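Data first, discussion second: the structure below is written as structure tokens.
The values are calculated or read from the model by the stated rules, or taken from the named source; none is laboratory data. The model shown is predicted, which means the values in this text are computed figures rather than measured ones. Quick reminder, even Gly has a Cβ in these numbers, built from the backbone with ideal geometry, and neighbours come from all protein chains shown. We work out accessible area using only protein heavy atoms, side chains counted, and drop any ligands, DNA or RNA first. Shrake-Rupley method; radii C 1.70, N 1.55, O 1.52, S 1.80 Å.
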Amino acid sequence: MAKYIYPAVFTKEDTGYSVIFKDLDGCYTCGDSLNEALEMAEDVLALTLYGYETDKKTIPTPSNISSIPVDDGEFVSLIKCDTVEYRKHFSGKAVKKTLTIPEWMNDEGMRAGINFSQLLQDALEQRLNSL
């Protein structure tokens with residue numbers, strides 16, 4: 001899970017733009033305007049790379065932007081995404097975990113009104129952000 005930057009080929013169509021990431025199989029989208037096409041490109045890139053990470057597939061090295069050939073009506077732009085943020089936004093479903101702590105710690109935590117689930121989430125987020 002990381003931040004990525006990949007080149008995308010934008011093609012002007014009769015109504016909007018189509019977008020394809022030549023380095024990634026099946027990674028393409030479109031938009032009615034250039035702004036929409038850019039937003040959709042970020043989304044499809046994050047979705048595709050999220051799938052690669054989930055399936056433990058090797059993530060291809062991005063091509064150099066200057067090595068990608070374009071036809072008339074096309075241009076290449078670098079698109080970035082953050083699969084950690086994508087994962088947080090689209091995969092926030094809670095899962096139940098069982099853990100064991102000493103009884104005295106449980107008693108003290110209960111007396112202090114600590115939400116154990118929230119504490120664990122906060123600690124895990126802090127630890128993961130430091131990696």
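Mind checking which helices in the chain clear 24 Å along their axis (Cα) and have mean Kyte-Doolittle hydropathy of -1.0 or more, DSSP H runs only?
Details: long enough: 34-54 (30 Å, 0.24).
Counting only whole DSSP H runs, the qualifying helices are 34-54.
Excluding ligands, DNA and RNA, the accessible surface per residue across the chain is 74 Å² with a 1.4 Å probe.
Here the chain is treated with +1 on each Lys and Arg Cβ and -1 on each Asp and Glu Cβ, and its dipole about the Cα centre works out to around 720 debye. Simple rule: put +1 on each Lys or Arg Cβ and -1 on each Asp or Glu Cβ in the chain, find the dipole, and look at F90, Q126, P7; the Cα lying farthest toward the positive end is Q126.
Placing a pseudo-label 7 Å from each Cα along the Cα-to-Cβ vector at I59 and A112 gives an inter-label distance of 3.7 nm.
Potential lengthening of the chain between D71 and V84 amounts to 1.3 nm, from the contour at 0.36 nm per residue minus the alpha-carbon distance. Each peptide in 93-106, 29-42 was scored by the mean count of other Cβ atoms within 10 Å over its residues; highest first, the order is 29-42, 93-106.
May I ask you to give the percent of accessible area on region 1-120 that is carbon plus sulfur, with a probe radius of 1.4 Å? Intermediate results must be reported in sequence, preceding the final value.
Values: 4570 of 8570 Å².
After summing per-atom areas, the C and S share lands at 53 percent.
Taking Cα atoms of the chain, Rg/Rh with Kirkwood Rh, to two decimals?
Values: Rg = 21.2 Å, Rh = 17.7 Å.
Rg/Rh for the chain comes to 1.20.
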